[in-house]
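A.B. asks: Sharing a structure with you now.
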Amino acid sequence: MITLKYKDEDDRAYGLSGMAVSMYLLDHEKYIDNISLDADADYGLGFTADFFHQPNPNLSPKAVWADSLSRFNLLNGLIISNMLSRAMVRNGEAVTRELYQLMCGMLTDEGRELCSLDEDETRTIFNKNFNYFHEVFANAAVAETVRGLVAGLKRDRTLDSDAIYVCMRPLRRW
């Protein structure tokens, strides 16, 4: 059975590192507080308080929807990057069709809930993100950055935002 769950600690380190790369490349690195192998299951990537802002209730419905769409796009990037880092960088394998469909299906449900997107709209967003991050994680410099994050994470168990930023320096030209 195909699952998104981590197989072991090494798998988790690659997934969390992939998510950190995603945040960096989507210009959201300022929201990363830390990554930790010792955190509870859904809290390995720690966010700053600013990440959890609530939209201003005085904003127009269009502005609130645009914020929701931006967060949905970020969620796509995080999930896709987690899986691509684990598959491509750690295992040197392509993402299977079954895993691709599982991610797309899960994100279709999220798109419906968060943004009232229909299946075609969600699939378009998912495919765009998947193609972009597939190219990202196929790049040797990105793979080396992920491996550096993983090594630091396995050594220190937790990396704060400053340590993560130092590891991301090779990606500045992206």
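A.B. asks: As I understand it, the value is the acute angle between the Cα axis of helix 119-138 and the longest principal axis of the Cα atoms of the chain; what does it come to in degrees, rounded to 10?
C.D. replies: Between the helix axis and the principal axis of the chain, the angle is about 20 degrees.
A.B. asks: Would you check the accessible area of residue 100, probe 1.4 Å, heavy atoms only, in square angstrom rounded to 10?
C.D. replies: So the heavy atoms of residue 100 present about 60 Å² to solvent.
A.B. asks: Between the DSSP loop rule and a limit of at most 15 other Cβ atoms within 10 Å, which trypsin sites (Lys or Arg not before Pro) in region 4-59 are left?
C.D. replies: Of the trypsin sites (Lys or Arg not before Pro), the ones in loops of region 4-59 whose Cβ has at most 15 other Cβ atoms within 10 Å are 5, 7.
A.B. asks: OK, next. Test of understanding: in a Gaussian network model of the chain with alpha carbons linked when under 10 Å, which of 16, 114, 78 would top the mean-square fluctuation ranking?
C.D. replies: 114
A.B. asks: Of 19, 103, 83, which has the largest mean-square fluctuation in a 10 Å C-alpha GNM of the chain?
C.D. replies: Answer for the Gaussian network model of the chain: 103.
A.B. asks: Can you work out the PRE-style zone for residue 67? Point 7 Å along Cα to Cβ, and I want the residues of region 33-57 with backbone N under 17 Å.
C.D. replies: 48-57
A.B. asks: If you don't mind, there's one more thing I want to ask. For residue 5, go through the lysines and keep the ones whose alpha-carbon is under 28 Å away, minus same-chain ones fewer than eight residues off.
C.D. replies: Result set, ordered by chain and number: 30, 128, 154.
A.B. asks: Okay, next question. With every protein chain present, what is the per residue accessible area of the chain (1.4 Å probe, Å²)?
C.D. replies: Working: 9650 Å² over 174 residues.
It amounts to 55 Å² per residue over the chain.
A.B. asks: Right, something else. Just to compare against my own numbers: the Cα pair-distance distribution for the chain, 5 Å bins, whole % per bin, please.
C.D. replies: Using 5 Å bins, I get a P(r) of 1, 8, 18, 21, 20, 16, 10, 4, 1, 0 for the chain.
A.B. asks: Round to a whole number: what % of the accessible area of the chain belongs to carbon and sulfur, probe 1.4 Å?
C.D. replies: Taking all protein chains in place, the chain shows 51 percent carbon and sulfur surface.
A.B. asks: Hey, what angle do you get for helix 97-115 against the long axis of the chain, alpha-carbon based, 0 to 90 degrees rounded to 10?
C.D. replies: 40
A.B. asks: Radius of gyration and Dmax for region 1-102's Cα atoms, expressed in Å?
C.D. replies: In Å, with Rg to one decimal and Dmax whole: 15.3, 48.
A.B. asks: Give me the Debye-computed log₁₀ of I(q)/I(0) at q = 0.11, 0.18, 0.21, 0.22 Å⁻¹ for region 68-161, equal point scatterers on Cα only, no solvent, two decimals.
C.D. replies: -0.36, -0.84, -1.01, -1.06
A.B. asks: Now a separate question. Which of 47, 137, 126 moves the most in a Gaussian network model of the chain with Cα springs under 10 Å?
C.D. replies: For the chain, modelled as a Gaussian network with Cα springs under 10 Å, the answer is 47.
A.B. asks: With no solvent and one equal point scatterer per Cα, compute the Debye intensity ratio I(q)/I(0) for region 68-119 at 0.15, 0.25, 0.28 Å⁻¹ and report its log10, rounded to two decimals.
C.D. replies: -0.44, -0.92, -1.04
The values are calculated or read from the model by the stated rules, or taken from the named source; none is laboratory data. All values reported here derive from a predicted model rather than from experimental measurement. Methodologically, a virtual Cβ is constructed for each residue, glycine included, from the backbone with ideal geometry; neighbour enumeration extends over all protein chains shown. These accessible areas exclude ligands, DNA and RNA; they are computed on the full protein's heavy atoms, side chains included. Shrake-Rupley method; radii C 1.70, N 1.55, O 1.52, S 1.80 Å.
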